[in-house]
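Have a look at the structure below, then the notes.
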Amino acid sequence: MGNVVIEQSGKTVEEAISLALEQLDVTEEQVEIEILQESSSKGLLGIKKEKDAIIRVTLHDYSAEIANDFLSELMGKMGMEATINVEDSDEKLLVDIKTNKSGVIIGRHGETLDAIQFITSIVVNRNNPVYKKVIIDTEGYRVKREETLVVLANRLAKKAIDSKKSVSLEPMNPYERRIIHSTLQQNDKIETYSVGEEPHRKVVIKSIG
Amino acid sequence: MGDMMKELLEVIAKSLVDHPEQVSVNQKDNDGVIILELSVAEEDMGKVIGKHGRIAKAIRTVIKAYAIKENIKAVVEIVQ
């Protein structure tokens, strides 16, 4: 998944390799190189006939394995039995962690799950050829949290409209604030905006008209 | 349980830095609170702290989750 493959020609194999590595911005250890055609500068009977070298360079995307290895080790060191499943699409990794103590890795309002997701994302993308968004869930927590936020947004929007006042929500991370904003985007009786600095930034629902 | 926590911090730190062999964690007990002193290569400091301390905060959150599970008190300090 997500391997990067290029073909490169050069006057010699060495030149083709160095051009390809430069283009991919990687070192030789990170890639697999196949020689498709050797260069030659002398043809038969001494007739000068130049032929370029052509190589194929493959930069492997190991993001799913990296995520799996890292999270397995992390769960192990946390003393938790866990099964990790990584679904790899070209642009993101969807990770599901099955464990009997999911509360430990979710934390308050998903704080621990977000921290594990953030660290895993850095570990995965440190050396990977393409950027992968990493989403980690356990016990369908993210889906349930999203449903909770949609209900909350609609309830507080009603409160703002009824009272003709602004209603502030509790501080949320950017992902959760976006859910609130998008839930209420179509409601023309209110407007939403965020105030404050991270990590205390929160959404305000304001009654208009 | 402190030893497992030390190893947990080492695993996280080693996965983030360019020089994992220079990662070390020194564990101290201060009146029932376990203090984990994390030290990394100087050029790796940013890798464990992050922009606005975001990585350090995430590391502390994971360690805290483990500490709560084991019913212990722990603090992570990043030392030079």
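Among the residues of region B:30-63 satisfying the criterion of being closer than 16 Å to B:Val11 by Cβ and among the charged types (D, E, K, R), which is nearest to the chain's Cα centre (by Cα)? This residue is B:Arg60.
One line per residue, one yes/no per condition, for (1) open to solvent by less than 100 Å² (accessible area, probe 1.4 Å); (2) farther than 30 Å from B:Lys6 by Cα; (3) in contact with a strand residue (DSSP E or B) (Cβ under 8 Å, 6 or more places away or on another chain):
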{"position": "A:Val13", "(1), (2), (3)": "yes, yes, yes"}
{"position": "A:Ala20", "(1), (2), (3)": "yes, yes, yes"}
{"position": "A:Gln30", "(1), (2), (3)": "yes, yes, yes"}
{"position": "A:Thr58", "(1), (2), (3)": "yes, yes, yes"}
{"position": "A:Glu81", "(1), (2), (3)": "no, no, yes"}
{"position": "A:Val86", "(1), (2), (3)": "yes, no, yes"}
{"position": "A:Lys92", "(1), (2), (3)": "yes, yes, yes"}
{"position": "A:Asp96", "(1), (2), (3)": "yes, no, yes"}
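Let's see how each residue does on (1) in contact (Cβ under 8 Å) with a residue 24 or more places away in the chain; (2) in the same structural domain as A:Ala20 (by TED's automatic domain parsing); (3) small (Gly, Ala, Ser):
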position: A:Leu71; (1), (2), (3): yes, no, no
position: A:Met78; (1), (2), (3): yes, no, no
position: A:Asn85; (1), (2), (3): no, no, no
position: A:Ser89; (1), (2), (3): yes, no, yes
position: A:Leu94; (1), (2), (3): yes, no, no
position: A:Ile97; (1), (2), (3): yes, no, no
position: A:Asn100; (1), (2), (3): no, no, no
position: A:Gly110; (1), (2), (3): yes, no, yes
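Residues in region A:179-199 that are under 17 Å from A:Leu113 (Cβ atoms) and in a helix (DSSP H, G or I): 1 in all. From the list A:Val195, A:Val151, A:Val167, A:Val203, the lone residue that is in contact (Cβ under 8 Å) with a residue 12 or more places away in the chain, exposed (fewer than 15 other Cβ atoms within 10 Å of the Cβ) and among the aliphatic types (A, V, I, L, M) is A:Val195. Would you point out the residue of region A:62-79, among those that are in a helix (DSSP H, G or I), open to solvent by less than 70 Å² (accessible area, probe 1.4 Å) and of a type outside the set (A, V, I, L, M), that is nearest to the other protein chains (Cβ to nearest Cβ)? Only one residue fits best here, namely A:Lys77. Considering only residues in region B:36-63 that are open to solvent by 20 Å² or more (accessible area, probe 1.4 Å) and within 15 Å of B:Lys6 (Cβ to Cβ), the one that is nearest to the other protein chains (Cβ to nearest Cβ) turns out to be B:Arg60.
For region A:120-160, the set of residues classified as in a helix (DSSP H, G or I) and aromatic (Phe, Trp, Tyr) consists of A:Tyr141 only. Consider A:Ser102 carefully, then state whether it is at pLDDT below 95, under 30 Å from A:His200 (Cα atoms) and open to solvent by less than 60 Å² (accessible area, probe 1.4 Å). For A:Ser102, the condition - at pLDDT below 95, under 30 Å from A:His200 (Cα atoms) and open to solvent by less than 60 Å² (accessible area, probe 1.4 Å) - is met.
For B:Ala74, the stated conditions hold: it is more than 9 Å from chain A (Cβ to nearest Cβ) and under 20 Å from A:Ile105 (Cα atoms).
The values are calculated or read from the model by the stated rules, or taken from the named source; none is laboratory data. Here the structure is a predicted model, which means the values were calculated and not measured. In this analysis, Cβ positions are derived from the backbone assuming ideal geometry, glycine residues included, and neighbour counts consider all displayed protein chains. Just so you know, the surface numbers come from the protein's heavy atoms only, side chains and all, with ligands and any DNA or RNA stripped out. Shrake-Rupley method; radii C 1.70, N 1.55, O 1.52, S 1.80 Å.
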